[in-house]
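K.L.:
I am attaching a structure below and will ask some questions about it afterwards.
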Amino acid sequence: MPRGTFITFEGGEGTGKSTQLALLDEWLRTLGHRTVLTREPGGTALAEAVRALLLDPQLAPDGWSEIFLLEAARHDHVERVIRPALAAGAVVLSDRFADSSLVYQGLVRGLGWDEVAALNRLATGGLEPDLTVVLDLDPEAALTRAHRRNSHGAGRESRLDDEPAAFHRAVREGFLELARREPDRVRVVDAAGAPDKVFARIRPVLPEALR
Ligand code: TYD
């Protein structure tokens, strides 16, 4: 089966994932690659509907309800978008994927790393990214970015933007822990500075054919 390349971006709020993904998408297209840019929660009609449920402050599911919703959305996303695109040889770029569940639900919300890893395996059928870029930024700087974004056109979407500082520090620590556990797949990139500076740090960690 022909196999494309699956790259995910992870990190806390305001670390610049979507800006860097847009730059990478443009870069890869210029090189002549076919790309599919997607996100979690989301990426299919069903998964986008689940995203709206998860971000609705009226609903506020507990951790277990949240993880089952996320995994249902993830399964749909993997089966309908990611696997077919990889089979067709595309480079799939996802703004968050299963590692977000390990960190947010497994570690920070306390459901347990192994428990969430098991649910991830069921939802993804064992599909893992070829490369995961963790954008690492001091939460103070990240929140300034997130608030600037929310006060401009993009609107307030994430209820998690309202979490206290300790939460954001735990998320950052969680992604660093992920990188320690999976050093071959997960690469930490310093997300401080202008977008072009950060992108220049991402290029060297890409698979050779995509640099
Ligand atoms: P996202 O839109 O990527 O937020 P941001 O742009 O602010 O980084 O994701 C929405 C929220 O969902 C974000 O706060 C992280 C959370 N989330 C989880 O808690 N678990 C998950 O598995 C995923 C994919 C996202």
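Coordinate-derived values only; no laboratory data. For clarity, every value in this text was computed on a predicted model and none was experimentally measured. Cβ atoms come from the backbone with ideal geometry, glycine included; neighbour counts cover every protein chain shown.
K.L.:
With the dipole of the chain worked out from charges on the C-beta (+1 for Lys and Arg, -1 for Asp and Glu) around the Cα centre, which of P57, V91, G112 lies farthest toward the positive end?
P.N.:
After comparing all options, I get V91.
K.L.:
Testing the spin-label approximation: label points 7 Å from Cα along Cα→Cβ at F68 and A200. State their distance in nm.
P.N.:
Taking the simple label geometry, F68 and A200 are separated by 5.0 nm.
K.L.:
With θ taken as phi - 60° and the coefficients 6.51, -1.76 and 1.60, list the Karplus ³J(HN,Hα) couplings across region 58-65 in order, rounded to whole Hz; mark glycine and proline as x.
P.N.:
Going residue by residue, I get 5, 8, 5, x, 6, x, 5, 4 Hz, with x marking Gly and Pro.
K.L.:
A further question follows. I need to check one value: relative contact order of region 26-164, counting alpha carbon pairs closer than 8 Å and at least 6 residues apart, in percent. Kindly include the intermediate steps, with their values, before the conclusion.
P.N.:
Numbers: 123 pairs, mean separation 34.4, N = 139.
For region 26-164, the relative contact order is 25 percent.
K.L.:
Separation of region 1-48 and region 173-211 by C-alpha centroid, Å?
P.N.:
If we compute the Cα centre of each part, the gap is 14 Å.
K.L.:
Can you compute the FRET efficiency between R169 and D25 using 1/(1 + (r/R0)^6), with r the Cβ-Cβ distance and R0 = 25 Å? Round to the nearest 0.05. Show your work: numbers first, answer last.
P.N.:
Details: r = 30 Å, r/R0 = 1.20.
It comes out at approximately 0.25.
K.L.:
Something else about it: Please list, in chain and number order, the residues 5+ apart from V134 or on another chain whose amide H is under 5 Å from its amide H, with Hs placed from the backbone.
P.N.:
Here E10, R187, V188, V189 satisfy the definition.
K.L.:
Going by the alpha-carbon gyration tensor, a ≥ b ≥ c the square roots of its eigenvalues, is the chain rounded (a/c under 1.5) or, if a/c is not under 1.5, prolate (a/b greater than b/c) versus oblate?
P.N.:
Values: a/c = 1.43, a/b = 1.12, b/c = 1.27.
Since a/c stays below 1.5, the shape of the chain is classed as rounded.
K.L.:
Still on this structure, please answer the following. Quick one: 3J(HN,Hα) in Hz for region 195-211, Karplus 6.51/-1.76/1.60 with θ = phi - 60°, rounded, Gly and Pro as x.
P.N.:
x, 5, 5, 5, 4, 5, 7, 7, 3, x, 8, 6, x, 3, 5, 10, 6
K.L.:
Next up: Suppose R0 equals 25 Å; then what is the FRET efficiency for S18 and E140 from their Cβ-Cβ distance, rounded to the nearest 0.05?
P.N.:
Once rounded, the FRET efficiency stands at 0.80.
K.L.:
What is the spin-label model distance, in nm, from D190 to A209 if the labels are put 7 Å beyond Cα along the C-beta direction?
P.N.:
Inter-label distance under the simple model: 3.2 nm.
K.L.:
Another question about this same structure. Residue by residue, what Karplus-based ³J(HN,Hα) values in Hz, rounded to whole numbers, does region 165-181 have, using 6.51, -1.76 and 1.60 with θ = phi - 60° and x for Gly and Pro?
P.N.:
Each residue's phi maps through the Karplus curve to give 4, 4, 4, 5, 5, 5, 5, 4, 4, x, 5, 5, 4, 4, 5, 5, 6 Hz.
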